[in-house]
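Remarks on the structure that follows.
Values quoted throughout were computed directly from the atomic coordinates according to the rules given, and no laboratory measurement underlies them. As the structure is a computational prediction, the values presented were derived from the model and not from experiment. Every residue, glycine as well, gets a Cβ built from its backbone with ideal geometry; the counts of neighbours run over all protein chains shown.
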Ligand SMILES: [Mg+2]
């Protein structure tokens, strides 16, 4: 489903190295507004630390922002020392292609991190990149985003519910297969103990063969 992210984290700094290895992620395309900085252009220390750690581990990164405020995007990119592209018009493909060239990686090796389903997640999914949704840092946002938030929150809730459900299902299947095995063993043991001929072999010839 194009609306659904493949991963969901509360904050960007929660994306851990285990998850990165599991999903064979070699590079990140990062959103700016409400993913790296809040409404007041503040970036927290955890985010800076996370970017440094990723770089140390050889993970490539670049910025892809829909913002048309060049100065703002450039400042963020300079602070984190990475290439950038602004006014990207996500979810359209062109911006993502440009970012992919910056990283020099295959689509399947790239994860896109952003706080919006309609731009970041859909864009990543269309490009066959790994999509990661994060909670917005600061809810105070432009009008359009405020309209989209309730729909995004609904999808997030469903995502979490589905994840829990599939875990429950796995446990249910395990329980069921155990029950089945148990029944199978019980029925086999009853077959061994009985002396009566089976009803399936009711003719004299069949009984003689037995
Ligand atoms: Mg954003």
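Values computed for the structure shown
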| quantity | calculated |
| --- | --- |
| Simple label model, 7 Å out from Cα along Cβ direction - residue 97 to residue 71, nm | 3.2 nm |
| Approximate shape of segment 7-140 as ellipsoid semi-axes (Cα gyration tensor, √5λ), whole Å, largest first | 19, 17, 15 |
| Order of 71, 90, 26 - criterion: other Cβ atoms within 10 Å of each residue's Cβ, fewest first | 71, 26, 90 |
| Ranked packing of 75-81, 52-58, 113-119, most packed first, by mean Cβ within 10 Å | 113-119, 75-81, 52-58 |
| Ranking of 97, 69 by count of other Cβ atoms within 10 Å, fewest first | 97, 69 |
